[in-house]
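First the structure, in the form of C-alpha coordinates, and then the observations on it.
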Amino acid sequence: MFKGIYNWIDERLDITPMWRDVADHEVPEHVNPAHHFSAFVYCFGGLTFFITVIQILSGMFLTMYYVPDIINAYASVDYLQHKVAFGAIVRGMHHWGASLVIVMMFLHTLRVFFTGSYKAPREMNWVVGMLIFFVMLGLGLTGYLLPWDNKAYFATKVTLSIAESVPYLGPYIKTLINGGDIVGAQTLTRFFAIHVFFLPGALLALLGAHFFMIRRQGISGPL
Amino acid sequence: MSNQNNSNEAAHQPVKRKEMSRRQFLAYTLGGASAFMAMGPVLPMIRFAVDPLLTKESQTSFVKVVEESQVTAEPQEFDFQIHQVDGWYESDPKLTAWISRDEQGNVFALSPVCKHLGCTINWNTQNDNEYHCPCHDAKYTKEGKNLAVAPNPLDEYEVEIRDGFVYLGPVVPNQHV
Ligand code: HEM
Ligand code: FES
(Lines give C-alpha, C1' and ligand atoms only; values in the text may rest on other atoms or scores of the structure.)
(Ligands and ions follow the chains in the order given, each with its own letter.)
Protein backbone atom coordinates (compact mmCIF):
# COMPACT_ATOMS: atom_id res chain seq x y z
CA MET A 1 0.00 0.00 0.00
CA PHE A 2 2.76 2.43 0.97
CA LYS A 3 4.57 1.52 -2.21
CA GLY A 4 1.43 2.36 -4.18
CA ILE A 5 1.09 5.74 -2.50
CA TYR A 6 4.79 6.43 -2.95
CA ASN A 7 4.67 5.55 -6.65
CA TRP A 8 1.57 7.67 -7.17
CA ILE A 9 3.33 10.71 -5.70
CA ASP A 10 6.64 9.91 -7.39
CA GLU A 11 5.00 9.73 -10.83
CA ARG A 12 3.71 13.26 -10.35
CA LEU A 13 6.52 14.95 -8.44
CA ASP A 14 9.62 12.85 -9.21
CA ILE A 15 10.71 12.80 -5.56
CA THR A 16 13.12 9.87 -5.81
CA PRO A 17 16.18 11.94 -6.91
CA MET A 18 15.63 14.29 -3.97
CA TRP A 19 15.89 11.75 -1.17
CA ARG A 20 18.48 9.72 -3.12
CA ASP A 21 20.66 12.79 -3.13
CA VAL A 22 20.27 13.14 0.63
CA ALA A 23 20.33 9.55 1.79
CA ASP A 24 22.10 7.40 -0.78
CA HIS A 25 25.83 7.68 -0.34
CA GLU A 26 28.69 5.33 0.34
CA VAL A 27 30.05 4.83 3.82
CA PRO A 28 33.83 4.56 3.35
CA GLU A 29 35.48 1.55 4.94
CA HIS A 30 37.53 3.53 7.46
CA VAL A 31 34.42 5.01 9.09
CA ASN A 32 32.48 1.73 9.20
CA PRO A 33 32.62 0.01 12.61
CA ALA A 34 31.82 -3.30 10.87
CA HIS A 35 35.26 -3.13 9.24
CA HIS A 36 37.32 -1.57 12.01
CA PHE A 37 35.65 -1.53 15.37
CA SER A 38 37.57 1.58 16.40
CA ALA A 39 35.60 3.44 13.72
CA PHE A 40 32.77 3.75 16.26
CA VAL A 41 34.27 7.14 17.09
CA TYR A 42 32.73 8.33 13.81
CA CYS A 43 29.27 7.71 15.27
CA PHE A 44 29.41 10.52 17.80
CA GLY A 45 28.26 13.18 15.36
CA GLY A 46 25.18 11.13 14.50
CA LEU A 47 24.54 10.42 18.17
CA THR A 48 24.73 14.14 18.96
CA PHE A 49 22.13 14.76 16.28
CA PHE A 50 19.96 11.91 17.54
CA ILE A 51 19.87 13.37 21.04
CA THR A 52 19.21 16.83 19.63
CA VAL A 53 16.13 15.39 17.91
CA ILE A 54 15.04 13.88 21.24
CA GLN A 55 15.57 17.26 22.94
CA ILE A 56 13.47 19.06 20.38
CA LEU A 57 10.67 16.49 20.50
CA SER A 58 10.55 16.12 24.29
CA GLY A 59 10.85 19.91 24.67
CA MET A 60 7.87 20.47 22.37
CA PHE A 61 5.82 18.08 24.48
CA LEU A 62 6.95 19.71 27.75
CA THR A 63 5.65 23.06 26.55
CA MET A 64 2.14 21.55 26.48
CA TYR A 65 2.13 21.81 30.27
CA TYR A 66 4.91 24.22 31.18
CA VAL A 67 4.21 27.93 31.86
CA PRO A 68 7.03 30.52 31.97
CA ASP A 69 5.64 32.50 34.90
CA ILE A 70 7.26 32.91 38.31
CA ILE A 71 4.12 31.96 40.22
CA ASN A 72 3.19 28.91 38.19
CA ALA A 73 6.40 27.63 36.57
CA TYR A 74 7.48 25.39 39.44
CA ALA A 75 3.94 24.17 40.04
CA SER A 76 3.50 23.33 36.37
CA VAL A 77 6.76 21.36 36.24
CA ASP A 78 5.78 19.57 39.46
CA TYR A 79 2.38 18.80 37.94
CA LEU A 80 3.70 17.54 34.61
CA GLN A 81 6.28 15.38 36.32
CA HIS A 82 4.10 13.83 39.02
CA LYS A 83 0.50 14.00 37.81
CA VAL A 84 0.65 13.56 34.04
CA ALA A 85 1.15 10.02 32.69
CA PHE A 86 4.77 9.42 31.63
CA GLY A 87 5.65 12.92 32.84
CA ALA A 88 8.71 11.66 34.66
CA ILE A 89 9.84 9.95 31.45
CA VAL A 90 9.26 12.87 29.10
CA ARG A 91 10.88 15.35 31.49
CA GLY A 92 13.58 12.77 32.17
CA MET A 93 14.40 12.53 28.48
CA HIS A 94 14.79 16.29 28.30
CA HIS A 95 16.65 16.56 31.60
CA TRP A 96 19.22 13.79 31.02
CA GLY A 97 19.36 14.41 27.29
CA ALA A 98 20.49 17.98 27.96
CA SER A 99 23.63 16.63 29.65
CA LEU A 100 24.11 13.75 27.26
CA VAL A 101 24.02 15.99 24.21
CA ILE A 102 26.96 17.96 25.63
CA VAL A 103 28.88 14.71 26.28
CA MET A 104 28.25 13.45 22.75
CA MET A 105 29.17 16.80 21.25
CA PHE A 106 32.41 16.78 23.23
CA LEU A 107 33.30 13.26 22.06
CA HIS A 108 32.45 14.20 18.47
CA THR A 109 34.72 17.23 18.76
CA LEU A 110 37.54 15.06 20.11
CA ARG A 111 37.17 12.69 17.15
CA VAL A 112 37.30 15.58 14.70
CA PHE A 113 40.33 16.97 16.49
CA PHE A 114 42.36 13.77 16.65
CA THR A 115 41.57 12.72 13.06
CA GLY A 116 42.65 16.21 11.97
CA SER A 117 39.36 16.62 10.14
CA TYR A 118 39.27 20.35 10.87
CA LYS A 119 42.10 20.97 8.38
CA ALA A 120 41.63 22.40 4.87
CA PRO A 121 39.21 22.27 3.16
CA ARG A 122 36.99 21.72 6.23
CA GLU A 123 37.92 24.77 8.35
CA MET A 124 34.49 26.34 7.92
CA ASN A 125 32.77 23.28 9.28
CA TRP A 126 34.92 23.45 12.40
CA VAL A 127 33.81 27.04 12.85
CA VAL A 128 30.16 26.12 12.38
CA GLY A 129 30.67 23.30 14.86
CA MET A 130 32.00 25.76 17.42
CA LEU A 131 28.94 27.95 16.90
CA ILE A 132 26.73 24.89 17.47
CA PHE A 133 28.69 24.28 20.67
CA PHE A 134 27.90 27.76 21.98
CA VAL A 135 24.24 27.50 20.96
CA MET A 136 24.03 24.21 22.91
CA LEU A 137 25.58 25.84 25.96
CA GLY A 138 23.02 28.63 25.58
CA LEU A 139 20.18 26.09 25.44
CA GLY A 140 21.50 24.38 28.55
CA LEU A 141 21.82 27.68 30.38
CA THR A 142 18.42 29.09 29.47
CA GLY A 143 16.64 25.76 30.02
CA TYR A 144 18.16 25.36 33.46
CA LEU A 145 16.25 28.37 34.79
CA LEU A 146 12.87 27.20 33.55
CA PRO A 147 11.83 24.88 36.43
CA TRP A 148 12.21 27.95 38.71
CA ASP A 149 13.46 26.04 41.73
CA ASN A 150 16.33 27.07 44.00
CA LYS A 151 18.92 25.34 41.86
CA ALA A 152 17.63 27.11 38.76
CA TYR A 153 17.47 30.48 40.45
CA PHE A 154 20.95 30.47 41.95
CA ALA A 155 22.58 28.90 38.89
CA THR A 156 21.24 31.81 36.89
CA LYS A 157 22.42 34.34 39.47
CA VAL A 158 25.90 32.85 39.24
CA THR A 159 25.90 32.95 35.44
CA LEU A 160 24.74 36.54 35.46
CA SER A 161 27.48 37.50 37.89
CA ILE A 162 30.00 35.88 35.57
CA ALA A 163 28.55 37.81 32.64
CA GLU A 164 28.78 40.97 34.71
CA SER A 165 32.51 40.47 35.19
CA VAL A 166 33.18 41.20 31.52
CA PRO A 167 35.28 44.40 31.44
CA TYR A 168 33.34 47.61 30.67
CA LEU A 169 30.36 45.87 28.97
CA GLY A 170 29.55 43.54 31.87
CA PRO A 171 26.76 45.52 33.56
CA TYR A 172 25.01 46.12 30.24
CA ILE A 173 25.22 42.47 29.28
CA LYS A 174 23.80 41.52 32.66
CA THR A 175 20.82 43.86 32.39
CA LEU A 176 20.12 42.67 28.87
CA ILE A 177 20.11 38.98 29.79
CA ASN A 178 18.26 39.69 33.01
CA GLY A 179 15.57 41.76 31.35
CA GLY A 180 15.79 44.04 34.43
CA ASP A 181 17.68 44.43 37.69
CA ILE A 182 16.74 41.18 39.36
CA VAL A 183 16.40 37.55 38.35
CA GLY A 184 12.63 37.53 38.21
CA ALA A 185 9.51 37.44 36.09
CA GLN A 186 11.13 39.14 33.13
CA THR A 187 14.20 36.92 33.27
CA LEU A 188 12.04 33.80 33.17
CA THR A 189 9.97 34.78 30.12
CA ARG A 190 13.09 36.02 28.37
CA PHE A 191 14.92 32.76 29.00
CA PHE A 192 11.89 30.79 27.90
CA ALA A 193 11.65 32.65 24.59
CA ILE A 194 15.35 32.22 23.96
CA HIS A 195 15.21 28.57 24.97
CA VAL A 196 12.29 27.47 22.82
CA PHE A 197 12.35 29.86 19.84
CA PHE A 198 15.57 31.73 19.24
CA LEU A 199 18.23 29.14 20.02
CA PRO A 200 16.45 26.12 18.49
CA GLY A 201 15.97 28.21 15.33
CA ALA A 202 19.66 29.12 15.27
CA LEU A 203 20.56 25.52 16.03
CA LEU A 204 18.56 24.14 13.10
CA ALA A 205 20.09 26.67 10.71
CA LEU A 206 23.61 25.80 11.88
CA LEU A 207 22.93 22.06 11.67
CA GLY A 208 21.70 22.58 8.12
CA ALA A 209 24.96 24.33 7.23
CA HIS A 210 26.97 21.62 9.02
CA PHE A 211 25.33 18.78 7.10
CA PHE A 212 25.39 20.62 3.81
CA MET A 213 29.16 21.02 4.09
CA ILE A 214 29.63 17.39 5.04
CA ARG A 215 27.75 16.29 1.92
CA ARG A 216 29.70 18.65 -0.30
CA GLN A 217 33.13 17.79 1.09
CA GLY A 218 32.58 14.19 2.09
CA ILE A 219 33.94 12.62 5.24
CA SER A 220 37.68 13.15 5.80
CA GLY A 221 40.03 10.37 4.69
CA PRO A 222 41.66 7.63 6.77
CA LEU A 223 44.59 8.49 9.01
CA MET B 1 -1.71 -36.90 -24.97
CA SER B 2 -2.23 -33.28 -24.20
CA ASN B 3 -1.71 -34.03 -20.53
CA GLN B 4 1.70 -35.47 -21.20
CA ASN B 5 2.70 -32.44 -23.26
CA ASN B 6 1.80 -30.09 -20.45
CA SER B 7 3.79 -31.88 -17.80
CA ASN B 8 6.79 -31.97 -20.13
CA GLU B 9 6.69 -28.23 -20.57
CA ALA B 10 6.35 -27.65 -16.85
CA ALA B 11 9.47 -29.66 -16.22
CA HIS B 12 11.49 -27.31 -18.41
CA GLN B 13 10.39 -24.13 -16.70
CA PRO B 14 12.72 -22.76 -14.00
CA VAL B 15 11.35 -23.30 -10.54
CA LYS B 16 9.64 -20.18 -9.28
CA ARG B 17 9.85 -19.94 -5.49
CA LYS B 18 8.36 -16.95 -3.76
CA GLU B 19 11.55 -15.87 -2.12
CA MET B 20 12.46 -12.74 -0.29
CA SER B 21 15.55 -11.05 -1.60
CA ARG B 22 18.43 -10.38 0.80
CA ARG B 23 17.85 -6.64 0.33
CA GLN B 24 14.17 -6.97 1.20
CA PHE B 25 14.92 -9.07 4.26
CA LEU B 26 17.41 -6.51 5.53
CA ALA B 27 15.05 -3.66 4.78
CA TYR B 28 12.27 -5.34 6.78
CA THR B 29 14.43 -6.29 9.76
CA LEU B 30 16.19 -2.95 9.95
CA GLY B 31 12.94 -1.05 9.42
CA GLY B 32 11.14 -3.17 12.02
CA ALA B 33 13.92 -2.84 14.58
CA SER B 34 14.18 0.92 14.03
CA ALA B 35 10.42 1.36 14.34
CA PHE B 36 10.45 -0.68 17.55
CA MET B 37 13.22 1.43 19.02
CA ALA B 38 11.60 4.69 17.90
CA MET B 39 8.49 3.67 19.84
CA GLY B 40 10.58 3.88 23.02
CA PRO B 41 10.69 7.68 23.14
CA VAL B 42 7.63 8.33 20.97
CA LEU B 43 4.98 6.38 22.90
CA PRO B 44 5.65 8.08 26.27
CA MET B 45 5.47 11.48 24.59
CA ILE B 46 2.14 10.66 22.95
CA ARG B 47 0.67 9.23 26.15
CA PHE B 48 1.91 12.37 27.95
CA ALA B 49 0.15 14.59 25.43
CA VAL B 50 -3.20 12.76 25.43
CA ASP B 51 -3.35 12.49 29.23
CA PRO B 52 -6.28 14.95 29.50
CA LEU B 53 -8.36 12.60 27.32
CA LEU B 54 -7.72 9.68 29.64
CA THR B 55 -8.02 11.23 33.09
CA LYS B 56 -11.38 10.90 34.84
CA GLU B 57 -13.40 14.05 35.22
CA SER B 58 -13.13 15.36 38.73
CA GLN B 59 -16.19 14.80 40.91
CA THR B 60 -17.97 18.00 41.93
CA SER B 61 -19.25 17.96 45.47
CA PHE B 62 -22.37 19.69 46.76
CA VAL B 63 -21.98 23.25 48.00
CA LYS B 64 -24.22 25.06 50.49
CA VAL B 65 -25.87 28.00 48.73
CA VAL B 66 -28.86 29.44 50.60
CA GLU B 67 -31.47 28.77 53.29
CA GLU B 68 -34.41 26.89 51.78
CA SER B 69 -36.93 29.32 53.29
CA GLN B 70 -35.51 32.14 51.18
CA VAL B 71 -36.38 30.40 47.92
CA THR B 72 -39.57 31.74 46.34
CA ALA B 73 -41.66 30.87 43.31
CA GLU B 74 -40.08 33.89 41.61
CA PRO B 75 -36.52 32.97 40.41
CA GLN B 76 -33.74 34.65 42.37
CA GLU B 77 -30.06 34.80 41.57
CA PHE B 78 -27.66 33.27 44.09
CA ASP B 79 -23.87 33.15 43.95
CA PHE B 80 -21.76 30.40 45.45
CA GLN B 81 -18.13 29.32 45.34
CA ILE B 82 -16.76 25.99 44.26
CA HIS B 83 -13.25 24.69 44.65
CA GLN B 84 -11.71 24.09 41.23
CA VAL B 85 -8.48 22.22 40.50
CA ASP B 86 -7.22 23.07 37.02
CA GLY B 87 -3.96 21.22 36.61
CA TRP B 88 -1.47 23.04 38.84
CA TYR B 89 -3.85 25.97 39.38
CA GLU B 90 -6.38 25.80 42.19
CA SER B 91 -8.99 28.46 42.59
CA ASP B 92 -12.43 29.13 44.05
CA PRO B 93 -14.42 30.58 41.17
CA LYS B 94 -17.86 32.07 41.76
CA LEU B 95 -20.81 30.35 40.11
CA THR B 96 -24.34 31.62 39.76
CA ALA B 97 -27.67 29.78 39.93
CA TRP B 98 -31.23 30.95 39.37
CA ILE B 99 -33.20 29.21 42.12
CA SER B 100 -36.99 29.00 42.38
CA ARG B 101 -39.84 26.60 43.20
CA ASP B 102 -41.99 24.72 40.72
CA GLU B 103 -45.80 24.29 41.07
CA GLN B 104 -45.37 21.49 43.63
CA GLY B 105 -43.11 23.72 45.68
CA ASN B 106 -39.94 21.76 44.84
CA VAL B 107 -36.73 23.79 44.70
CA PHE B 108 -34.85 23.74 41.41
CA ALA B 109 -31.79 25.67 40.25
CA LEU B 110 -31.06 26.69 36.67
CA SER B 111 -27.61 27.30 35.24
CA PRO B 112 -27.24 30.83 33.81
CA VAL B 113 -25.33 29.61 30.75
CA CYS B 114 -27.34 30.23 27.59
CA LYS B 115 -27.77 27.07 25.53
CA HIS B 116 -27.37 29.01 22.32
CA LEU B 117 -23.70 29.98 22.44
CA GLY B 118 -22.89 30.31 26.10
CA CYS B 119 -23.61 33.91 27.13
CA THR B 120 -25.25 34.60 30.50
CA ILE B 121 -29.02 34.77 30.84
CA ASN B 122 -31.05 37.01 33.17
CA TRP B 123 -34.53 36.77 34.67
CA ASN B 124 -37.33 39.07 33.64
CA THR B 125 -35.23 41.87 32.21
CA GLN B 126 -37.99 42.58 29.69
CA ASN B 127 -40.91 42.31 32.16
CA ASP B 128 -42.29 39.20 30.48
CA ASN B 129 -41.48 36.66 33.22
CA GLU B 130 -39.01 34.91 31.00
CA TYR B 131 -35.27 34.34 31.01
CA HIS B 132 -33.58 36.43 28.37
CA CYS B 133 -30.11 36.29 26.85
CA PRO B 134 -28.67 39.64 25.72
CA CYS B 135 -26.41 38.15 23.05
CA HIS B 136 -28.90 36.91 20.44
CA ASP B 137 -32.24 37.27 22.22
CA ALA B 138 -32.75 33.69 23.32
CA LYS B 139 -35.75 33.27 25.61
CA TYR B 140 -36.63 30.62 28.18
CA THR B 141 -39.59 29.96 30.47
CA LYS B 142 -39.27 29.93 34.25
CA GLU B 143 -38.61 26.16 34.01
CA GLY B 144 -35.87 26.83 31.49
CA LYS B 145 -37.76 25.65 28.40
CA ASN B 146 -36.24 27.19 25.28
CA LEU B 147 -38.74 29.49 23.49
CA ALA B 148 -36.55 31.21 20.93
CA VAL B 149 -33.09 30.95 19.35
CA ALA B 150 -31.61 28.38 21.75
CA PRO B 151 -31.82 24.72 20.63
CA ASN B 152 -32.06 23.26 24.15
CA PRO B 153 -33.55 24.08 27.56
CA LEU B 154 -31.33 25.61 30.25
CA ASP B 155 -29.25 23.11 32.23
CA GLU B 156 -29.85 22.79 35.94
CA TYR B 157 -27.80 22.06 39.03
CA GLU B 158 -28.51 18.94 41.02
CA VAL B 159 -30.25 20.07 44.19
CA GLU B 160 -30.05 18.61 47.69
CA ILE B 161 -31.84 19.96 50.75
CA ARG B 162 -29.95 19.31 53.98
CA ASP B 163 -30.90 20.77 57.37
CA GLY B 164 -33.00 23.47 55.75
CA PHE B 165 -30.29 24.58 53.36
CA VAL B 166 -30.11 24.28 49.57
CA TYR B 167 -26.98 22.50 48.35
CA LEU B 168 -26.05 22.55 44.64
CA GLY B 169 -24.07 19.88 42.84
CA PRO B 170 -23.01 19.12 39.26
CA VAL B 171 -24.74 20.62 36.23
CA VAL B 172 -27.11 18.21 34.46
CA PRO B 173 -29.58 18.51 31.55
CA ASN B 174 -32.92 20.08 32.45
CA GLN B 175 -35.34 17.65 34.15
CA HIS B 176 -38.35 19.94 34.24
CA VAL B 177 -39.31 20.39 30.56
C1 HEM C 1 13.01 23.20 20.42
C2 HEM C 1 13.73 22.69 21.35
C3 HEM C 1 13.45 22.76 22.85
C4 HEM C 1 12.28 23.06 23.55
C5 HEM C 1 10.93 23.42 22.96
C6 HEM C 1 12.59 22.96 24.96
C7 HEM C 1 11.69 23.20 26.02
C8 HEM C 1 11.95 23.14 27.38
C9 HEM C 1 11.01 23.35 28.48
C10 HEM C 1 9.55 23.71 28.35
C11 HEM C 1 11.68 23.19 29.66
C12 HEM C 1 11.09 23.29 31.10
C13 HEM C 1 10.55 21.99 31.62
C14 HEM C 1 11.50 21.25 32.54
O15 HEM C 1 12.39 21.86 33.12
O16 HEM C 1 11.35 20.03 32.70
C17 HEM C 1 13.03 22.88 29.32
C18 HEM C 1 14.01 22.64 30.24
C19 HEM C 1 15.32 22.44 29.91
N20 HEM C 1 15.87 22.36 28.63
FE21 HEM C 1 14.90 22.50 26.87
N22 HEM C 1 13.91 22.61 25.09
C23 HEM C 1 14.47 22.48 23.82
C24 HEM C 1 15.75 22.14 23.51
C25 HEM C 1 16.75 21.98 24.42
C26 HEM C 1 18.11 21.61 24.11
C27 HEM C 1 18.67 21.31 22.71
C28 HEM C 1 18.78 21.57 25.32
C29 HEM C 1 20.21 21.19 25.62
C30 HEM C 1 21.29 21.60 25.17
C31 HEM C 1 17.83 21.92 26.37
C32 HEM C 1 18.13 22.01 27.73
C33 HEM C 1 17.23 22.15 28.77
C34 HEM C 1 17.57 22.09 30.18
C35 HEM C 1 18.96 21.88 30.78
C36 HEM C 1 16.35 22.25 30.91
C37 HEM C 1 16.15 22.19 32.45
C38 HEM C 1 15.65 20.76 32.68
C39 HEM C 1 15.37 20.35 34.10
O40 HEM C 1 15.90 20.96 35.01
O41 HEM C 1 14.63 19.37 34.23
N42 HEM C 1 16.60 22.15 25.79
N43 HEM C 1 13.18 22.86 27.92
S1 FES D 1 -25.62 33.05 23.40
FE2 FES D 1 -27.54 33.44 24.32
S3 FES D 1 -28.69 34.00 22.60
FE4 FES D 1 -26.82 33.50 21.66
Apart from one, (1) within 21 Å of A:Phe40 (Cα to Cα); (2) touching an Asp or Glu at 6+ places or on another chain (Cβ under 6 Å) all hold for A:Val84; the odd one out is (1)
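Taking into account only those residues within the stretch B:80-125 that are closer than 18 Å to B:Ile161 by Cα and open to solvent by 80 Å² or more (accessible area, probe 1.4 Å), which is farthest from the other protein chains (Cβ to nearest Cβ)? Give the steps one after another, and end with the answer.
As a first pass, look at the stretch B:80-125 and keep what is closer than 18 Å to B:Ile161 by Cα: B:80-82, B:96-111.
Narrowing further to those that are open to solvent by 80 Å² or more (accessible area, probe 1.4 Å): B:81, B:103-104, B:106.
Working: B:Gln81: 21, B:Glu103: 47, B:Gln104: 45, B:Asn106: 40 Å.
The selected residue is B:Glu103.
Taking the options A:Gly138, A:Gly129, A:Gly218, A:Gly180, name whichever one is more than 14 Å from ligand 1 (Cβ to nearest atom) and modelled with pLDDT of 95 or more.
A:Gly129
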Applying the selection to the stretch B:130-142, what residues are out of contact with any Leu (no Cβ under 8 Å at 6 or more places or on another chain) and open to solvent by 30 Å² or more (accessible area, probe 1.4 Å)? B:Pro134, B:Asp137, B:Lys142
Any residue in the stretch A:72-97 that is within 7 Å of chain B (Cβ to nearest Cβ) sitting within a Cβ distance under 7 Å of a residue that is open to solvent by less than 60 Å² (accessible area, probe 1.4 Å) and outside any helix (DSSP H, G or I)? List the pairs, counting only those 6 or more apart or interchain. A:Ser76/A:Tyr65; A:Ser76/A:Tyr66; A:Ser76/A:Val67; A:Tyr79/A:Tyr65; A:Tyr79/B:Gly87; A:Val84/A:Tyr65
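Let's see how each residue does on (1) under 19 Å from the mean Cα position of the chain (by Cα); (2) within 11 Å of ligand 1 (Cβ to nearest atom):
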position	(1), (2)
A:Val27	no, no
A:His36	no, no
A:Cys43	yes, no
A:Tyr66	no, yes
A:Ala75	no, no
A:Leu80	no, yes
A:Gly87	no, yes
A:Arg91	yes, yes
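When you check B:Ser58 against the structure, is it in a helix (DSSP H, G or I), open to solvent by 40 Å² or more (accessible area, probe 1.4 Å) and in contact (Cβ under 8 Å) with a residue 12 or more places away in the chain, yes or no? I'd like the intermediate steps shown before the answer.
On the way: in a helix (DSSP H, G or I): no; open to solvent by 40 Å² or more (accessible area, probe 1.4 Å): yes; in contact (Cβ under 8 Å) with a residue 12 or more places away in the chain: yes.
Taking the combined requirement at face value, the residue does not satisfy it.
Take the residues in the stretch A:162-192 that are without any contact (Cβ under 8 Å) to a residue 12 or more places away in the chain and of a type in the set (Gly, Ala, Ser); name whichever of them is nearest to A:Leu62 (Cα to Cα). Before you say what the answer is, go through the steps one by one.
Kept after step one, since they are without any contact (Cβ under 8 Å) to a residue 12 or more places away in the chain, are these residues of the stretch A:162-192: A:162, A:164-173, A:175-176, A:179-182, A:186.
Keeping just the survivors that are of a type in the set (Gly, Ala, Ser) gives A:165, A:170, A:179-180.
On the way: A:Ser165: 34, A:Gly170: 33, A:Gly179: 24, A:Gly180: 27 Å.
Taking the candidates together, the pick is A:Gly179.
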Being crowded, with 16+ Cβ neighbours inside 10 Å, within 11 Å of ligand 2 (Cβ to nearest atom) and at pLDDT 95 or above, is that true of even one residue in the stretch B:155-167? no
For the stretch B:96-123, what are the residues that are modelled with pLDDT of 95 or more, part of a loop (DSSP other than H, G, I, E, B) and more than 10 Å from ligand 2 (Cβ to nearest atom)? B:Ser111, B:Pro112
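Based on what the data block shows, is B:Pro44 exposed (fewer than 13 other Cβ atoms within 10 Å of the Cβ) and within 14 Å of chain A (Cβ to nearest Cβ)? Outline the logic, then answer.
On the way: exposed (fewer than 13 other Cβ atoms within 10 Å of the Cβ): no; within 14 Å of chain A (Cβ to nearest Cβ): yes.
Answer is no for this residue.
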Which of the residues belonging to the stretch A:126-163 are open to solvent by 50 Å² or more (accessible area, probe 1.4 Å) and either within 16 Å of ligand 2 (Cβ to nearest atom) or under 11 Å from the mean Cα position of the chain (by Cα) (or both)? A:Phe133, A:Phe134, A:Leu137
Checking the structure you have, find out if any residue of the stretch B:66-79 is within 14 Å of chain A (Cβ to nearest Cβ) and assigned to a helix (DSSP H, G or I). no
From the list A:Pro222, A:Pro121, A:Pro200, A:Pro171, pick out the single residue that is surrounded by fewer than 17 Cβ atoms within 10 Å (Cβ to Cβ) and either in contact with a strand residue (DSSP E or B) (Cβ under 6 Å, 6 or more places away or on another chain) or over 30 Å from A:Asn32 (Cα atoms) (or both). A:Pro171
May I ask you to list pairs of residues, at least six apart or on different chains, whose Cβ atoms are under 6 Å apart, with the first in the stretch A:40-55 being within 14 Å of chain B (Cβ to nearest Cβ) and the second being within 16 Å of ligand 1 (Cβ to nearest atom) and open to solvent by 40 Å² or more (accessible area, probe 1.4 Å)? A:Ile51/A:Leu100
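The values are calculated or read from the model by the stated rules, or taken from the named source; none is laboratory data. What you are looking at is a predicted structure, and each value in this text was computed from that prediction instead of being measured. Glycine gets a Cβ as well: all are built from the backbone with ideal geometry, and neighbour counts include every protein chain shown. The protein model used for the area step is the full one, side chains on, heavy atoms only, and it has no ligands, DNA or RNA in it. Shrake-Rupley method; radii C 1.70, N 1.55, O 1.52, S 1.80 Å.
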